[in-house]
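**Q** What follows is a structure written as structure tokens; I'll ask about it next.
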Amino acid sequence: MGLIRRGLYFATLVLFLTGCPQTPENRIVGTWTDSIDASMKVVFDEDNVTFFGDSGSYTTERRSDLDFSGRDDGKITLNLSSETFVASYVFSNEDKTLALYSKSDERVYYLTKEGSGFAVGIPSGWTLETDGIHRYSKFSNLFFTTNKVIGWMDKRFYNPNDSSTSYYNAPYILDGGQWSALDIAGLDIGSFWDGKTEIIGLVAKDTVVAMVTNEGKTYLSVNEGASFTKVGDTLPNLDYAGMSFAPVESIKLAFHGSTLFAAVQGTGVVNTNNETINPLLVYRIDDVFSGSPSNWEKLYQLNSPNWAEVQIAADTSGILVKYTNLIFSSDGGVSWSLAAGGDAPENIEWNFELGMLGGSLVGVSLSELYTFDAANLSWTAAGWSHGNEKKEVTGNRIYWVADGVAHFSDDFGATSQTVSGVDAFQNPTFKYGTIRDNGTSIYWAGETLFKAAR
């Protein structure tokens, strides 16, 4: 009976905390500047607002410190002359930056408080690359064909029925300077909210684009994404811990000649022996450019008790896969060997990225660059001396951002150069992102997309 009373008391307390009128949000009062465009202002006084030239009144509902039903700080309603804009809001950086997330569409606004000391506007040496999409469109990755850019956009879905917000990835294509959603309407692919399959793996090379869903349906385009053909239907033998179909966490893809390889990260489950299984599975599909390619073939499986980021890379010597360890195949995936000789780092689960430099496989950690010797399955540390920032291997270079400035090295770390001016990425809105280089331009993909000349 005591447990019932305590349960009822807790439920009543939660309802009281979440259901009562919330404290007004005094932190919002003041002048705010759009983080990209310094000429765009939002001004809040005690009751009224000027929102990018539109005016009206506003109300806020600040979330209680004991209300854990959401990740925002509260809700704001702008009663403007042109619309009623309802959004969740989040303060950060000691209340000097403010994010507004629309509750009716995918609009996002990142604002910087006037007098904060943070630089606003497009970083020097860069241009905004968001024609056709909202300027605060977030890309988690970019892939390059000969003439186009395929973007992995982070999409936000707000469900008004239960006030929940979910996130998913969607492929977009940059063609002729304009972004648009990749046309997959005719394919047997669903979307996040309709309960069907969704694309979770993508790779591009030359004129070829390959996409794989969480069930293993595989589509290939040989015309830079203009049209796709199904070349595979399922990932066979995707089973472990007594499950006939195991959920997939992520899929990373790489081409090795005319063969497409997939490194599949399964979602961790507990088997009948109460053991946690976090599997890595490697597949291949041959002759992907022919009129009759094979279906997926399972090559390798590792059931690890630990969970890690999966990566795959390939050069003429073979295929290299990273999970909780490093494995390599020089015979097209028929046999696999542990690639952990020489100076191989001990901790590779996170912040260790595979890539290509000078036509050879390399790996980068936060503090070091390693070159791979396929013949001896060993690694050699290069002696990195440019700090411990996250590094990315792209465009035959190594990139990193330190103190708000983008740097690169094209000589295995012997020297470094800067991409942009000293004020680049000083605003916290743009602090985190992904750098991608297609040999012609450099892209910064974060809360928005910037481009710089190479």
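The values are calculated or read from the model by the stated rules, or taken from the named source; none is laboratory data. Quick caveat: nothing in here was measured; it's all calculated off a predicted structure. FYI the Cβ positions are ideal-geometry reconstructions off the backbone, even for glycines, and counts take in every protein chain you see.
**Q** Taking the condition touching a Phe, Trp or Tyr at 6+ places or on another chain (Cβ under 6 Å) and either at pLDDT 95 or above or assigned by TED's automatic domain parsing to the domain that holds residue 392 (or both), does residue 313 pass?
**A** Answer is no for this residue.
**Q** Filter region 42-51 down to the residues that are touching a residue at least 12 places away in the same chain (Cβ under 8 Å), surrounded by 14 or more Cβ atoms within 10 Å (Cβ to Cβ) and out of contact with any helix residue (DSSP H, G or I) (no Cβ under 6 Å at 6 or more places or on another chain) and list them by number.
**A** 42, 43, 49, 51
**Q** Restricting to region 386-445, name every residue that is closer than 22 Å to residue 122 by Cβ, touching an Asp or Glu at 6+ places or on another chain (Cβ under 9 Å) and among the β-branched types (Val, Ile, Thr).
**A** 394, 401, 405, 422, 429, 434, 435
**Q** Which condition number in (1) assigned to a loop (DSSP other than H, G, I, E, B); (2) of a type outside the set (A, V, I, L, M); (3) closer than 30 Å to residue 266 by Cα is the one that residue 328 fails?
**A** Looking at each condition in turn, residue 328 falls short on (1).
**Q** How many residues are among the basic types (Lys, Arg) and in contact (Cβ under 8 Å) with a residue 60 or more places away in the chain when one looks only at region 251-305? Write out each step before concluding.
**A** In the first step, residues of region 251-305 are kept if they are among the basic types (Lys, Arg); the result is 252, 284, 298.
Still in the running and in contact (Cβ under 8 Å) with a residue 60 or more places away in the chain: 252, 298.
Matching residues across region 251-305 total 2.
Yes/no matrix, rows are residues, columns are (1) in contact (Cβ under 8 Å) with a residue 40 or more places away in the chain; (2) over 18 Å from residue 323 (Cα atoms); (3) in contact with a helix residue (DSSP H, G or I) (Cβ under 6 Å, 6 or more places away or on another chain):
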site	(1), (2), (3)
342	no, yes, no
345	no, no, no
350	yes, no, no
372	yes, no, no
378	no, no, no
383	no, yes, no
386	no, yes, no
389	no, yes, no
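**Q** For residue 429, only one of the following conditions fails: (1) assigned to a strand (DSSP E or B); (2) of a type in the set (Ser, Thr, Tyr); (3) touching a residue at least 60 places away in the same chain (Cβ under 8 Å). What is its number?
**A** (1)
**Q** Out of (1) in contact with a strand residue (DSSP E or B) (Cβ under 6 Å, 6 or more places away or on another chain); (2) surrounded by 15 or more Cβ atoms within 10 Å (Cβ to Cβ); (3) at pLDDT 95 or above, what's the single condition that is false for residue 22?
**A** (3)
**Q** Please verify whether region 430-442 includes one or more residues that are over 22 Å from residue 137 (Cα atoms) and buried (at least 20 other Cβ atoms within 10 Å of the Cβ).
**A** Start the filter on region 430-442 by keeping residues that are over 22 Å from residue 137 (Cα atoms), which leaves 439-440.
Next, from what is left, pick out any that are buried (at least 20 other Cβ atoms within 10 Å of the Cβ): none.
Looking for residues that are over 22 Å from residue 137 (Cα atoms) and buried (at least 20 other Cβ atoms within 10 Å of the Cβ), one finds none in region 430-442, hence no.
**Q** Here is a further query. So is residue 302 over 24 Å from the mean Cα position of the chain (by Cα) and within 20 Å of residue 250 (Cα to Cα) or not?
**A** Considered against the rule, which asks whether it is over 24 Å from the mean Cα position of the chain (by Cα) and within 20 Å of residue 250 (Cα to Cα), residue 302 comes out as yes.
**Q** Is at least one residue of region 341-356 more than 26 Å from the chain's Cα centre (by Cα) and not in a strand (DSSP E or B)?
**A** Looking for residues that are more than 26 Å from the chain's Cα centre (by Cα) and not in a strand (DSSP E or B), one finds at least one in region 341-356, hence yes.
**Q** Check whether at least one residue in region 103-121 is in contact with a helix residue (DSSP H, G or I) (Cβ under 8 Å, 6 or more places away or on another chain), assigned to a strand (DSSP E or B) and closer than 30 Å to residue 178 by Cβ, and report yes or no.
**A** Yes - at least one qualifying residue is present in region 103-121.
**Q** I need the full set of residues from region 67-91 which are at pLDDT below 95 and polar (S, T, N, Q), in order please.
**A** Listed by number, the residues that qualify are 69, 88.
Okay, residues lined up against (1) surrounded by fewer than 19 Cβ atoms within 10 Å (Cβ to Cβ); (2) under 27 Å from residue 435 (Cα atoms); (3) touching a strand residue (DSSP E or B) at 6+ places or on another chain (Cβ under 9 Å):
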position: 76; (1), (2), (3): no, no, yes
position: 80; (1), (2), (3): yes, no, yes
position: 88; (1), (2), (3): no, no, yes
position: 105; (1), (2), (3): yes, no, yes
position: 111; (1), (2), (3): no, yes, yes
position: 123; (1), (2), (3): no, yes, yes
position: 127; (1), (2), (3): yes, yes, yes
position: 139; (1), (2), (3): no, yes, yes
position: 142; (1), (2), (3): no, yes, yes
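**Q** Oh, and also: Could you tell me which residue of region 263-300 is surrounded by the most Cβ atoms within 10 Å (Cβ to Cβ), considering only residues that are under 18 Å from residue 325 (Cβ atoms) and among the hydrophobic types (A, V, I, L, M, F, W, C)?
**A** Applying the filter and picking the extreme gives 264.
**Q** Kindly check whether there is at least one residue in region 54-69 that is surrounded by 15 or more Cβ atoms within 10 Å (Cβ to Cβ), of a type in the set (D, E, K, R) and without any contact (Cβ under 8 Å) to a residue 40 or more places away in the chain.
**A** Looking through region 54-69, none of the residues is surrounded by 15 or more Cβ atoms within 10 Å (Cβ to Cβ), of a type in the set (D, E, K, R) and without any contact (Cβ under 8 Å) to a residue 40 or more places away in the chain.
**Q** Could we say that residue 408 is closer than 30 Å to residue 116 by Cβ and without any contact (Cβ under 8 Å) to a residue 40 or more places away in the chain here?
**A** Spelling it out, residue 408 is indeed closer than 30 Å to residue 116 by Cβ and without any contact (Cβ under 8 Å) to a residue 40 or more places away in the chain.
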